[in-house]
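The values are calculated or read from the model by the stated rules, or taken from the named source; none is laboratory data. Computed from a predicted structure; not experimentally measured. Here the Cβ positions follow ideal geometry from the backbone for every residue, glycine too, while neighbour counts run over all protein chains shown.
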Amino acid sequence: MIKLYVKHKSRIRTSVVLMSKFFVGQGLIQLTTLIIGIFILRALSKVEYAQYSMALAFQATSQMFIEFGFAGAIIALVGTRVNDKRVLGEYIVAGMSYRNKLFIIVSIVCCICYPILARNQHWPWSVILLLLGSIITNSYFSGWISYYKPPFQIHRKLGTIYKLEVAGNILRGIATYLAYLCKVLTSSVASYIVSALMLFNGLIYKRLAREYVDEPERPSAHTKKEMLAYIKPVIPGMVFAAFQSQITILIISVFGKTAHIAEIGALGRLSSLFSVLNIGASIIVTPLIARQPQSKLLKMFLLVFLMAAFGVLLLDLFGYFYPGVFLLLLGKNYYGLEPEVRLVIYDSGIVFLNTLVWNMNSARKWLYAWMPAVSIPGIILVQVFFIIKFDLSVSYNVLLMAIFVSTYALLVRIIVSIYGFTRKQPATD
């Protein structure tokens, strides 16, 4: 054991430093985000928090449609050419060219769909238009972060990423608290503070990325074609995932009342407690699985999954017996939601396992064209069943539907893993 440590001492130290940065940095990001989120939740009335929650749901969904996987493809396509500034710049410019077109299309769709859903809740037009503006500005500014953060990830500059995002969160927290002290904190003000955070982080990422990136004036046709070919197999899945990411808020906005939107939004704050685990699955587990030799892959795959499943079980048991602990965070407006809290905890655990398996499959390039054909129809059937058989104006039923959807999605990912192990050479057909 000592000889093994001495032999790989440098690599072990690098891994320990990387993991330490991740847990400290990501922990600070999640902590500051959680504190701000809980503060806004407690400061706003139920009506205003419902407005804020729906705006955030549209922002998140819009961002997924606009980014469409192009930003995420940069790291994989650059590969070993990490020190070639021109190559990195080519992919960024190519991805941004797609993004700019998608931004126009998605913005037009938001201008149609958001007012319809918001008016369904009888909110004033002044509030609707202000929140619509925040959705569009947030979607635009977030693109700079999406495309200029990968150079720092490629060069393992995690410290820079965490410093920027923690600093941005602190500024957001100060702005939110000042608005509260001045008695001007509303749903629209809180939403525009988020847009300002996107602008702040985006500008800094773009400026600092010049050290690693040499951008051409316009993208080459070859690079654009390469990026499109890379994401083409999973386009149906990404389109579907964009809707599914905020499906509970969107469904309750259609069937429920303003109070129910606020409840789903508030319970969603609890889900953010587990987002650090989802990010950890990407940053730590993905490279671990990617570099495993075929002879040791199955053992490591099962070890990671079973350890994660055991952790989820412990979390579920805690949530079942002590849901009141989580309700203390939400405040007096949301007392009495113990059954709903349990469902959120269960669903968060399943989503984490889902994310974990997806990242492990991706690490082995187990991305197959048939995946959307299996997952999408099944999820739609589950949702249609709940729409027909359950009253989805009730928060509990919407959260119950989310659990069934997440469980089905996890089963599909496990099937993909089994299929990947049966093939001699992992492929991306």
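Applying the set (1) closer than 27 Å to K232 by Cα; (2) out of contact with any Phe, Trp or Tyr (no Cβ under 8 Å at 6 or more places or on another chain); (3) modelled with pLDDT of 90 or more to R364 leaves exactly one unmet item: (3).
So if I check each of V357, V382, V412, which one is more than 24 Å from K299 (Cβ to Cβ), β-branched (V, I, T) and part of a helix (DSSP H, G or I)? None of the others qualify; the one that does is V382. Scan region 241-256 for residues that are touching a helix residue (DSSP H, G or I) at 6+ places or on another chain (Cβ under 6 Å), not in a loop (DSSP other than H, G, I, E, B) and not small (G, A, S) and the total you get is 4.
Checking each residue in region 60-83 for being in contact with a helix residue (DSSP H, G or I) (Cβ under 6 Å, 6 or more places away or on another chain) and not hydrophobic (A, V, I, L, M, F, W, C) picks out T61, S62, Q63, E67, G69, R81. Residue-level analysis places A309 outside the set of residues that are in the same structural domain as N397 (by TED's automatic domain parsing), in a helix (DSSP H, G or I) and over 18 Å from D347 (Cβ atoms). Taking first residues from region 258-272 that are of a type in the set (F, W, Y) and partners that are surrounded by fewer than 24 Cβ atoms within 10 Å (Cβ to Cβ) and outside any helix (DSSP H, G or I), no Cβ contact under 7 Å between residues at least 6 apart in sequence or on separate chains turns up.
Scanning region 122-141 for residues that are of a type in the set (S, T, N, Q) and surrounded by fewer than 24 Cβ atoms within 10 Å (Cβ to Cβ) returns S126, T137. Restricting attention to region 220-240, the residues being among the polar types (S, T, N, Q) and either part of a helix (DSSP H, G or I) or not assigned by TED's automatic domain parsing to the domain that holds Y98 (or both) number 1. The set of residues in region 108-135 being without any contact (Cβ under 8 Å) to a residue 60 or more places away in the chain and under 20 Å from the mean Cα position of the chain (by Cα) consists of C110 alone.
Within region 327-360, the residues that satisfy the criterion of being among the small types (G, A, S) and either surrounded by fewer than 17 Cβ atoms within 10 Å (Cβ to Cβ) or out of contact with any helix residue (DSSP H, G or I) (no Cβ under 6 Å at 6 or more places or on another chain) (or both) are G331, G336.
So, in region 62-104, of the ones that are among the aliphatic types (A, V, I, L, M) and without any contact (Cβ under 8 Å) to a residue 40 or more places away in the chain, which residue ends up nearest to V234 (Cα to Cα)? This residue is L102. For beta carbons closer than 7 Å, sequence separation of 6+ or different chains, a first residue in region 163-179 that is exposed (fewer than 14 other Cβ atoms within 10 Å of the Cβ) and a second that is in a helix (DSSP H, G or I), the qualifying pairs are I170/T32.
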